[in-house]
Structures are given as C-alpha cells and as structure tokens.
Amino acid sequence: MALHLYGPRLQLDETLEQMQQGTLMRKVKSKSWKKQRYFRLQDDCMTVWYKSKKTGYTKYTSPPGRWICDWFQKADKNKDGRMSFKEVRQLLKMMNMDMNEDHALRLFQMADRSESGTLEGEEFVLFYKALTRRDDVLDVFQVFSQDGKKLTLLEFVDFLQQEQLEGENTQEFAMELIARYEPSETARARHMLSVDGFLLYLLSPEGAIFNPAHGPLCQDMTQPLCHYFISSSHNTYLLEDQLRGQSSVEGYIRALKRGCRCLEVDCWDGPSGEPVVYHGHTFTSKIPFKDVVTTLGQYAFQASDCPVILSLENHCGPEQQDLLAQHLKGILGERLLMAPLDGHGPTQLPSPQELRGRIILKGKRAESLAHSPSGQPDKAPEGEASEDDDEPEAEEDSLSQEAKGKAKKSQAKELSDCIIYCHSVPFRSFQQALAHRRPYETASLPEAKARKLIKEAGNEFVRHNAWQLTRIYPSGLRTDSSNYDPQEMWNVGCQLVALNVQTAGAEMDLCDGLFQQNARCGYVLKPAFLRDAGTAFDPDNPRSRAGGGPWSLAIQVISGQQLPKVASSKASAIVDPLVRVEIHGVPADQGRQETQYVDNNGFNPSWGETLQFKVHVPELALVRFVVEDYDKTSRNDFVGQFTLPFASIKSGYRHVHLLSKDGTAIPPSSLFVHIQITELPYPE
C-alpha cells in the first residue's frame, strides 16, 4: 500500500501491523545486486529498521523531518491526528521552543488549510517550518554544508574553528553539541547536524554572545576585598523616589536576589522605642529596623554565599543604638562578623573566600581605629577632624546645617564593636590616607566629588583604590531616584559604586551587565592594573595600561527575531526597529553607532549592517545592545537591551538574547549578529 507519511489521519490496518512485526525481504539495487534483509516498520510508522544478514549492522531509514512527526505523535494524546492551538502551544513548550503567541496564532491559522481550527499531520509540519524558518541561519549553514542539507561532523568542526573561534578539543565539543541539540535521532547517531539542530545550537547558551565559561564562579576569590568590584545598592529600602517613596523590606529582597552584596540602611530613632529605617527628613514611609535585619538573615545568602556588607547610616541616640546592636547580634548570630578573622587587628582586608557566609557591618566607630595595627586607638592628625566629624551621606547635598548638626550623635560602644573591617571615615586627601595607610577604613563620596577627583587626580584615585575600599553614592539632588553613570567610577577602581537599583535604565543595565559574570555572585575581580598600588594607569591615558591593543570590534547586525511590542502601544501597532550598539569604558572608548530602522517588522527584521569600534582598554569596556522603535516625530521607544563585558564576548555568529527595561528575560526576542575582534598595532 502507499503510505503517506504526513497524511491527515494515519490509522493502523492489518498491513501496517504485519509490517511492524517485520519480515524478510529482498533489497534490490540492480539486476545483479540483490540482498536479503530483515525489515521492520517502527512504531512511528515512518522509520524502517533493517538488519544486514552479512554484517549484522542495524540501520534506519527515515524521511526528512521525521522527528517533527515524532513530536506530533507524542503530543497527540487522543490519537486522532489533530492538534488544537492549545495543544500546539503545549507541544512547543515540550520541545523547549519559545514562542510569540500572537505571531504563532497567525501562522497556525495560515497552516490550517482545512479551516477546521486544528492542524493535522502535514499542516503541523507546515506550521512548524513557518514558525522556525530562518533564511539568515540557512545562508550560514549552506556555506559550510556540501549538500546544503546537513553538516557532517568535520564540516561542523570547520564552522566552530573558523567562524566561532572555539579553542581546544573542537571535535569533542562538536559531538557534544550534536548530541545536545540535534533533534533527529538518525542524525545524532551519525554525528550529523541538520538545519534544525544548527538553529537550536545557535539559539542555545553555547551559541549566545555571552561566553558561557564566564557564567559559573570562575575568578580568583582569594584576594583582598578592595581588589573587587562589588555590586552595591543605595537607599536599599526604597521602592520608589527619595521624597515620598515607599520603604519596604521588599527592597532588600529584590536587591539580594539581584546579586547586590552591599546594602544600605538609614537608621533613625523610632517613636515607639524601636529604631526605624527611612530616608530622613522626607515623607518616605518607615519600616522597623528589626524587620530589615530579619529579612537580611533570610535572604542574604540565597543568591550567593559571598559576604554581604551592610552600610549603616546611624542617626539614632545611644539607647536605640544599643537596640541596633542587639538586633544585629541576636538575629544574625554567628553570621555577623564580630572580630578580625585572624584574632589580631585588621591590618589588611580579608578575601571574599575567607568571608563566605558572613555579614560585615560598615559604619563609624566610637573611637578612632581601635583595631589599628598597634592595638591602640589612633589620634586624628593635628589640624584634621576625627571620623566623628564626618557628615551623614544622605544629608550632604540637601539638608540644612541645623539638620546636619542634629544628625551627629555619639556612638554607642556595643554597636561600635560590631564594626570590624569597614570603618567609615571622612575623605581628606589621597596623601593623608596614604600617610596612615589603614586598609580597613572606607570613605563614602558623593558622585560630584568623585568626578572632581577623577578629573584632577585619576592615577592617584586608581592607586588609592588598589588598597582601600571607596563607596560612591548618588547626589542628594536625585530625588527621583535616578542614577549616575557607574562606568567612570569603575574606571578608577571604585569598588562600592552604589546605585538606586529600583530605577531601571542604562545605568542599571551596565551594572547588571558587569555582574552577570562569575556566577552573579556580586564580586568581579578588577583588572590587574587596578589592583597594583604602584600602577601608572590613568583612564584619561589609555596608553598607561600595560598590554596589547587597541582592539577592533566589528559587529554585523544581521537580523532580529520576535521583538516585543512597545509597552502600552496599540494592539495593531508594529514596531519599526533599529539597533544601537554602545561602548562604555574609559573616555577614549566611549562610543555608539546604530543601524537604519526597518519599517513595520518586529517578527524578523533584517539589517545586514556592520558597526565598527576601536577599544583601547578592553578589560573595562562594556558593550550594550539596544533595540528601539523608531519614531520620526518623538523620542524612540525602548524595545529591549542586552549588556555584557567586552571580555565576555564570543566571536562568530551569535544570538543576543534581549532583556526588558527592568532586566528580565523576554524570550524568544533576540538579535542575530556576527562578531569579529582583531588586535591592532598602536600608532606611533
């Protein structure tokens, strides 16, 4: 009988049942070539199994796309050969395929040629092929495929070596990828890759632009704390603006889940005898300090076991300061660091490895440097103020002198004794800090003061941050909880660059991009030239960095896939997408370029444009991809973005998986790009 492999309703009859039991048949290739074989139709009614009498080898033959029908049969629970749109959605989830539902419904209706509201065998194949058709990927595939239908193992190895620049053991890696992403059992058995498998590989983590080797914990965690960029939050308790916003423990939960390792808590005397947390002298709501500490105890080490630094802005009187200390010790217990790790004075900062699972309190002490190397309190230098004269950071830009005066309180000893490694001190000068060289001191600087120091003494700032922690915080004038550019602070090695993590935007994209590496643990090892206290590096002079370069970065923006609609747009609206690529780094590396926009195509826009950049200090550079909806009469609307370190970029054909404005994934939205990085000689 004639067997229609993709026929509308495949029913088993007696003949098919006999074929599934198997029988001896004669295989005829020519008049002179006739061999006896044992053939058996498999349960899928599409694959024929046969065994060579001479060699004993088992072989399979199957039509192209058989694996698609395998999935169809698995999902067709009632075996009626039909699938509704709901069943199709469930099937695509089973196949681990992301799907834009609106577009999938349009393709479903297009493939439903019988207009029955269901897809039958051949209709489903048509639907699947339309949903996944990628001419851009097929073009790449056919360059390396001799027959245009499959990649042999050697052809796939050539692609991985020549285009993707994969390193050692490429053949073994190719076999792993085929086993992982090739959907056809037959192709897998033969170590071949179909177009479908090739696409699945390119959409996988191994085919993404972000180097998967940088995803796990992969950096040296045994160096002093000052050698790391540390993910930091400003006014962590706020969910909104700085004047009337809501204070909530949810702010701490979100920050910790996001990977923040330095949190801020502003403590004030509460009316009921219990200290409260809020943005002082504003209309922001208040939450009990005890609730904040309880939340910290519950969530501090869920995302990472790397140490948490709690930056304490203490505005309480002596009585409620004692309660602060009691809550910290009573709730956090042994997790709260209460003594130097080696039992001696904190002559140098410990490492994240040594402090795993510990919470470190940052704040002012009652006496100046009780844990100095001599073991005795040090006196403030003549003519200089002691740390008790430091002004609370929250008020530095906005409060009256009278309010500042009231904010100064004497420090209770019990709370002071909880502060071991991060003694908050006022910043006087780099020379003064170097003269006393106390690594356990930490200065907090407003953004404007930090910028002034960067401009006037960039190299000194870099050297200072090689041995001591510096915290940067937003201007008090940012009442809307907006953020400053963190990149310029990282360029000089500032470790605790505190941002309003509740405020989405380019600044938080950069922060998330930097800290997505190293298991998102919140600690990223600074480049070697930012860890050397005798470094000559100055961000304004890229040649002061020892090493090769500069580097040419060529990004061919090929296409986009299933871009989301602009939030709050009309149901009928279709985006006119353009892609902008931004380089954030030292001043010489700052740059941005963008493609032309594509009219009315958010599903599969094609650009085919190449954007060129020169990067002098790749260790500090971040690359941000932004997709916008072009509007000739007003500001373009945000569609999606993805940011990553230059050092984490993979070469070759890659997918850029886009994120929403708040940093969450929006699958299956992506860009398909080709990356080429070339080292250039420095001009004479």
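The values are calculated or read from the model by the stated rules, or taken from the named source; none is laboratory data. What you see is a predicted model; the values in this text were computed from it and never measured. Cβ sites come from the backbone with ideal geometry, for glycine too, and all protein chains shown count toward neighbours. Only protein heavy atoms, including side chains, enter the accessible area calculation; ligands, DNA and RNA are left aside. Shrake-Rupley method; radii C 1.70, N 1.55, O 1.52, S 1.80 Å.
Quick look at the numbers
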quantity: Flag if GLU166 is open to solvent by 70 Å² or more (accessible area, probe 1.4 Å) and either among the acidic types (Asp, Glu) or not in a strand (DSSP E or B) (or both); calculated: no
quantity: Test: residue in region 612-633 that is farther than 13 Å from ASP589 by Cα, among the small types (Gly, Ala, Ser) and assigned to a loop (DSSP other than H, G, I, E, B); calculated: no
quantity: Residue check, CYS418 touching a strand residue (DSSP E or B) at 6+ places or on another chain (Cβ under 8 Å), in contact (Cβ under 8 Å) with a residue 60 or more places away in the chain and outside any loop (DSSP other than H, G, I, E, B); calculated: no
quantity: Test result for ALA450, among the small types (Gly, Ala, Ser), part of a helix (DSSP H, G or I) and either touching a residue at least 24 places away in the same chain (Cβ under 8 Å) or open to solvent by 40 Å² or more (accessible area, probe 1.4 Å) (or both); calculated: yes
quantity: Region 178-217 - residue that is over 16 Å from the mean Cα position of the chain (by Cα) and aromatic (Phe, Trp, Tyr) and, of those, nearest to PRO668 (Cα to Cα); calculated: TYR201
quantity: Only listed residue being closer than 21 Å to ILE675 by Cα, open to solvent by less than 50 Å² (accessible area, probe 1.4 Å) and touching an Asp or Glu at 6+ places or on another chain (Cβ under 7 Å), chosen from LEU193, LEU160; calculated: LEU160
quantity: Test: residue in region 592-605 that is in contact with a Gly (Cβ under 7 Å, 6 or more places away or on another chain) and crowded, with 18+ Cβ neighbours inside 10 Å; calculated: yes
quantity: Residue within region 82-95 that is modelled with pLDDT of 80 or more, over 24 Å from SER559 (Cα atoms), among the small types (Gly, Ala, Ser) and crowded, with 16+ Cβ neighbours inside 10 Å present; calculated: no
quantity: Filtered residue count, region 591-611, keeping only those that are assigned to a loop (DSSP other than H, G, I, E, B) and in contact with a helix residue (DSSP H, G or I) (Cβ under 8 Å, 6 or more places away or on another chain); calculated: 1
quantity: Residue that is nearest to HIS281 (Cα to Cα) [pool: residues in region 231-249 that are hydroxyl-bearing (Ser, Thr, Tyr) and in a loop (DSSP other than H, G, I, E, B)]; calculated: TYR237
quantity: Sole exception among (1) assigned to a loop (DSSP other than H, G, I, E, B); (2) open to solvent by 10 Å² or more (accessible area, probe 1.4 Å); (3) farther than 19 Å from LEU658 by Cβ; (4) not small (Gly, Ala, Ser) for PRO564, by number; calculated: (3)
quantity: Residue list for region 567-590, filter: within 30 Å of PRO542 (Cβ to Cβ) and either in a loop (DSSP other than H, G, I, E, B) or open to solvent by less than 30 Å² (accessible area, probe 1.4 Å) (or both); calculated: LEU578, VAL579, ARG580, VAL581, GLU582, ILE583, HIS584, GLY585, VAL586, ASP589, GLN590
quantity: Hits in region 638-684 (condition: of a type in the set (S, T, N, Q), within 22 Å of SER569 (Cα to Cα) and open to solvent by 50 Å² or more (accessible area, probe 1.4 Å)); calculated: THR664
quantity: Residue, least open to solvent (accessible area, probe 1.4 Å), within region 606-637, restricted to residues that are touching a Ser or Thr at 6+ places or on another chain (Cβ under 8 Å) and basic (Lys, Arg); calculated: ARG624
quantity: Filter result for the condition that a residue is open to solvent by 20 Å² or more (accessible area, probe 1.4 Å) and not acidic (Asp, Glu), over ARG438, ARG471; calculated: ARG438
